1. Inspect all residues belonging to the range B:383-405 and state whether any of them is assigned to a strand (DSSP E or B) and closer than 30 Å to residue B:273 by Cβ.
2. Would you check which residues across the range A:97-150 are of a type in the set (Gly, Ala, Ser) and in contact with a Ser or Thr (Cβ under 9 Å, 6 or more places away or on another chain) and list them?
3. Among the residues of the range B:30-39, is there at least one that is crowded, with 24+ Cβ neighbours inside 10 Å, touching a helix residue (DSSP H, G or I) at 6+ places or on another chain (Cβ under 6 Å) and hydrophobic (A, V, I, L, M, F, W, C)?
4. Identify, by number, the condition in (1) in contact with an Asp or Glu (Cβ under 6 Å, 6 or more places away or on another chain); (2) more than 12 Å from every other protein chain (Cβ to nearest Cβ) that residue A:59 doesn't meet.
5. What are the residues in the range B:211-239 that are assigned to a loop (DSSP other than H, G, I, E, B) and of a type outside the set (Gly, Ala, Ser), if any?
6. Can you go through B:420, B:398, B:388, B:430 and tell me which one is among the hydrophobic types (A, V, I, L, M, F, W, C), over 19 Å from residue B:245 (Cα atoms) and surrounded by fewer than 13 Cβ atoms within 10 Å (Cβ to Cβ)?
7. Across the range B:103-126, which residue is modelled with the lowest pLDDT among those that are outside any helix (DSSP H, G or I) and not β-branched (Val, Ile, Thr)?
8. Test residue A:223 against the stated conditions and say whether it is touching a strand residue (DSSP E or B) at 6+ places or on another chain (Cβ under 8 Å) and at pLDDT 90 or above.
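The values are calculated or read from the model by the stated rules, or taken from the named source; none is laboratory data. Treat the numbers as computed from the prediction; the structure is a model and nothing was measured. No Cβ is skipped: glycine too gets one built from the backbone with ideal geometry, and neighbour counts run over all protein chains shown.
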Number of protein chains: 2
Amino acid sequence: MSERCSCGIGLIGGGVVGGGVVELLLRRKELLARRTGIELELLAVADIDRERVAALGVPENRIVSDYRRLFDNPEIRIVVELIGGVGVAAEAVLASLDAGRRVVTANKALLANRGREIFSRARGNGVGVAFEAAVAGGIPLIASIRDGLIVNRTQSLLGIVNGTCNYILSQMAASGRSFADCLAEAQRLGFAEADPSADIDGLDSGHKLALLSALAFETWVDFPALHIEGIRGIKDDDIRITRDLGYTLKLLAIARPEHPPETVGEDGKGGDEAGGRLFLSVHPALLRNGDPLAGVSGSLNAVRTVGDAVRESMFYGRGAGRYPTASAVVSDIAMTASSLIFGDGYRGWLPPERNAYEPAPMDDYRTRYYLRFAVRDRPGVLGNIATALGSHRVSIAAAHQFENDHPDGFASVCIFSHLAREGDIRASLAEIGGMDFLRDKPVLIRIED
Amino acid sequence: MSERCSCGIGLIGGGVVGGGVVELLLRRKELLARRTGIELELLAVADIDRERVAALGVPENRIVSDYRRLFDNPEIRIVVELIGGVGVAAEAVLASLDAGRRVVTANKALLANRGREIFSRARGNGVGVAFEAAVAGGIPLIASIRDGLIVNRTQSLLGIVNGTCNYILSQMAASGRSFADCLAEAQRLGFAEADPSADIDGLDSGHKLALLSALAFETWVDFPALHIEGIRGIKDDDIRITRDLGYTLKLLAIARPEHPPETVGEDGKGGDEAGGRLFLSVHPALLRNGDPLAGVSGSLNAVRTVGDAVRESMFYGRGAGRYPTASAVVSDIAMTASSLIFGDGYRGWLPPERNAYEPAPMDDYRTRYYLRFAVRDRPGVLGNIATALGSHRVSIAAAHQFENDHPDGFASVCIFSHLAREGDIRASLAEIGGMDFLRDKPVLIRIED
């Protein structure tokens, strides 16, 4: 470790995360050099706001307004894109790859929408794209799934990957207050943006799920076709009722093959093949208390995978924030520099050109369901609902009718189903929806246990 | 990915884990080639029991009895040591390094006792040693701490790293039965060995803690000097009492600097330095229910770290077993082959020659303490205990005296202290130990909350 090499870094975007990366690279130069054997030199930062970059301690002559200037310096071998969004960021990443630069990015929206094109361009140019920070911020999840679990065929993946939603749902459960109240509080405390829709409508979770699908199932999803439900319609009633029955409501990103690969066993099972149809969905779901994911509260993130050799793993930590995200970006920079300096190190990025799985429609999804009906309190109602469910092959595991829980004479009927096909559930709901005792649209929440 | 390179592997030891590695390498040849771009060829397996290796599907001409024969084949570039123990395994690993082979091992005892020497030999020969499977089996913990969190100075590390102990403690809590009963059950079910002492006396956890200290704190411990307490003396009484008060008892591996590095913040704090004295200890400890580690039950493992940039992370999964451990070994093989084939990829392994921290004595440990005294039920006892604690600067957070819980006229006095210095606690216990109302040696369990 006595001789040190150096590797030049160019960074685009000096905002919240970019600023954190600049700070860590400058303050931790010696630590990183000791641990990697490489001096990571921040040679240029591109940002339209030069002053905020200068305030971080970057010398004036290393600040540029136009990212294209980075390519003038041949010593910049790694370009870090932290602009966000899909427009300029896409141009900057593609231009960097075409200029033969290794790219590090935290941009989940970009990779979810244009990942295939970007990775294909990287392959064509013989360079890599690292994106540890794009999913679950500071948690080293990408490397764990891609490298640590490399020999596994994934059987399922379940994740809490949006801190804003998890904060709001945790607050609703703890305080009994409404979605609107808890959202307003989250905004006041900085856990939700002024325009929270990308978070609470599930889009951000969807971006992350697309990337996790590519890694864990070697399957790119057509992003606009992804099934996404957010938490805007979640009622405090349902959180209270299900909590009293031992469940916790979370917004989950879920990937699950229709026919999961077999578990490796001494019976010789567990070969090489994986494929068929893949369910990919973001939706609010009930977890049993005691499930490790149910205990992940506040703005924390966690992802649980089941691999056919390793069985269950869970990765837990901060999914966002200036320094946790910057920590992941700097890890990517260090690993990329390490492979650049000490060898080519290029490995084909997953997935290959051909998808392992094809998409499965949600109608064929099978899980347990929680249904709630606000009904006029009169004889025969529970019987009508149960009969409609039964005629569509939906079997009831538990039913609760709560009296007096609506001041206007309506009662709540809650049904916990056995394992059922979602198409059958929807057909029953359509039938029950036509019955005259029903006050509101029925509530449907999936149980993932 | 159309042209594939190949990389030859030699494996020493075809037992439980070794057999799992053989199976995965043979069954998953195509999957691994697709994901890494390399054909991983198992060229030889060394085992004194040739038949058990042949039964795994390894051709006769690839089985040898003496591991030294592996070095005759220049195409074997990676040697996988899965013998276990410190004797022959040390010889085999050092011989492999001297023969210029990359080494993959799952041997925690070897690395905890002789890691410094082995890594120094690896550096001298310009090759690497990978050991993902040595700590927490299938959980990609080593790579996460070493690479994913590379820019962090670790503030604390807390782990449940022995599945046998965790299984026994979970069963004691769930069933109320004694340690001896639950150990016997664990042995019957295969969760504990016939001679369970390395697990239940904490030695195995100590081995893993030594490796985690080297990675997370850049500090090698002198293994025989490590503070280790096992779970043999844990009484079901204490599990019951503390459970009713909201705590869960776990065997923890703990590493914590006396003065943890400051958290990175916009105040400019969080520089490069780390050092001072480091507490390293394996001991049974109480966690508050709701702490994610408290929910890790059965034979599962989990490690929680706090980094000064990333804050808390937790890694959770199977810590042992044929295929989970083999999954980690195969990941190491794949990553090592990848760096060999696509570039040298050698990075200096942590820690450097000089330790970052020096050992801190347990007398200076500061945490909260649970103390239980079996006392004669007579006036003044609680006062005497409280006064003795107070005179040694131990402040009481909660005290409970339970009546009638011993049929022979003794009562239990349980004290939950505020933050206290362990030396002060021990001095108070020495003083109280001389009082005539005491029936048994007082129980001391640390609270890590």
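1. no
2. A:106, A:128, A:130, A:133, A:134, A:137, A:138, A:143, A:144, A:148
3. Taking every residue of the range B:30-39 in turn, none turns out to be crowded, with 24+ Cβ neighbours inside 10 Å, touching a helix residue (DSSP H, G or I) at 6+ places or on another chain (Cβ under 6 Å) and hydrophobic (A, V, I, L, M, F, W, C).
4. Among (1) in contact with an Asp or Glu (Cβ under 6 Å, 6 or more places away or on another chain); (2) more than 12 Å from every other protein chain (Cβ to nearest Cβ), residue A:59 violates only (1).
5. Passing the criteria: B:218, B:219, B:220, B:221, B:222, B:226, B:229, B:231, B:232, B:234, B:235.
6. Of B:420, B:398, B:388, B:430, the one residue that is among the hydrophobic types (A, V, I, L, M, F, W, C), over 19 Å from residue B:245 (Cα atoms) and surrounded by fewer than 13 Cβ atoms within 10 Å (Cβ to Cβ) is B:430.
7. So, considering only residues that are outside any helix (DSSP H, G or I) and not β-branched (Val, Ile, Thr), the one modelled with the lowest pLDDT is B:126.
8. So residue A:223 fails the test.
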